[in-house]
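The values are calculated or read from the model by the stated rules, or taken from the named source; none is laboratory data. Just so you know, these numbers come straight off a predicted model, no measurement behind them. Quick reminder, even Gly has a Cβ in these numbers, built from the backbone with ideal geometry, and neighbours come from all protein chains shown. Ligands, DNA and RNA are stripped out before the accessible areas are found, and what is left, the full protein with its side chains, is counted by its heavy atoms. Shrake-Rupley method; radii C 1.70, N 1.55, O 1.52, S 1.80 Å.
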Amino acid sequence: MVHHENTPRVRGTEPDEFAIRDMRSFPDISGDPRLYRRLTDTVAVMTASGAGAEEIYQRALARVREDADFAVLVLKTHDALEEDAYIERWALVQLAIDLEHPAAGELLADIVRRPIPEERSADPAHGISTVTEEVLLRTTAMEGLSRLFRHGVDTSDVLLETIARADYTAMRRAAWFALLDGDQRDALERARALLDERGDGWIADLQRHTVSDAEQADIDRIDPPQKDLPGIPRPFDE
C-alpha cells in the first residue's frame, strides 16, 4: 500500500497495519457438496448489502424454503460451531427463522430449552458478555417459534416452559410476545397465569410500538440553561 505524507494514521508516524487474526467458516456436516454450497451461498446472500440485497435474499430463500433437509442442515450446522462463534450461530438461527419451515421447529425449540452456559467473559460489564449472547440466540429462536405458531405449527409448549422456568426476563418477555402473536386464547391465559405466579404480570401489560408511533422529542420544547457553563463555548449562532 502506498502511504502519502498526509495519510491519517493511528500509530503516529508509523504505517498502520491490518491483519486478519481469525477467520471462521461453516463446517461441512452435510456429506453433500451441493447442499453445503447451497448453505454457504445462502448465508453469503443473507449477509450482503447494497441495492437490491433484500430482494436477492428473498429469491434465495424461495429456492430453499420448501426443502426440509436444508432447514435441518442449517440448525445442525449451528450446533457444530464453536460455542463462541456468536455471529455465525446467530446468522444460522436467523436463516432458519426466515425459512419458516416446520422442520426447524423442534431444533429451534431445542436451542431455547438449552441451559445458558456460565459467563465466560472476564469483564462482561465492559466487554462482550457470553451470557447476553446466549440469551440473544434464544430470544431470536423464539421469533422463529412465533412465526411457526402463526402459521399453524403449535410451538406453545416450549414458550410456556420458558415463561415458567427461564431465569432471564428477556426470555420470558420474548416468550410472552411470541404467544401473543399466535393469538390463541388458551395459551395466553396459561401464560398470563404463569407470569402472575412469578410476579411478572407486568410483562403482559407491556405494549409494543413502532418507532413512528412512539412519542418523539420536540426540539421547540427544549429549554437549555441560559447561563454560561465552564469549558463549554457559546453556540456559534449567538
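This table checks each residue for (1) within 20 Å of GLU143 (Cβ to Cβ); (2) part of a loop (DSSP other than H, G, I, E, B); (3) of a type outside the set (D, E, K, R).
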residue	(1), (2), (3)
LEU188	yes, no, yes
ALA191	yes, no, yes
ILE203	yes, no, yes
LEU206	yes, yes, yes
VAL211	yes, yes, yes
ALA214	no, yes, yes
ALA217	no, yes, yes
ASP220	no, no, no
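Look at segment 34-50: where a residue is farther than 14 Å from ALA96 by Cα and a partner is open to solvent by 60 Å² or more (accessible area, probe 1.4 Å) and of a type in the set (D, E, K, R), sitting 6+ places away or on another chain with Cβ atoms under 6 Å, you get TYR36/ASP28. Can you tell me how many residues within segment 113-130 are touching a helix residue (DSSP H, G or I) at 6+ places or on another chain (Cβ under 7 Å) and among the acidic types (Asp, Glu)? Final tally of qualifying residues: 1. Only residues that are in a loop (DSSP other than H, G, I, E, B) and under 21 Å from the mean Cα position of the chain (by Cα) were counted in segment 51-71, giving 1.
The residues in segment 122-167 that are outside any loop (DSSP other than H, G, I, E, B), more than 16 Å from ALA191 (Cβ to Cβ) and without any contact (Cβ under 8 Å) to a residue 12 or more places away in the chain can be counted, and the count is 1. Free of Cβ contacts under 8 Å to residues at least 12 places away in the same chain and over 20 Å from VAL131 (Cβ atoms), is that true of GLU54? So GLU54 fits the description; yes. Scanning segment 72-127 for residues that are among the polar types (S, T, N, Q) and over 17 Å from the mean Cα position of the chain (by Cα), we see that the one that is least open to solvent (accessible area, probe 1.4 Å) is THR77. Taken over segment 119-168, the residue count meeting the criterion of being aromatic (Phe, Trp, Tyr) and closer than 18 Å to ARG89 by Cβ is 1.
Can you confirm whether GLU88 is of a type in the set (Asp, Glu), assigned to a helix (DSSP H, G or I) and in contact with a Lys or Arg (Cβ under 6 Å, 6 or more places away or on another chain)? Yes.
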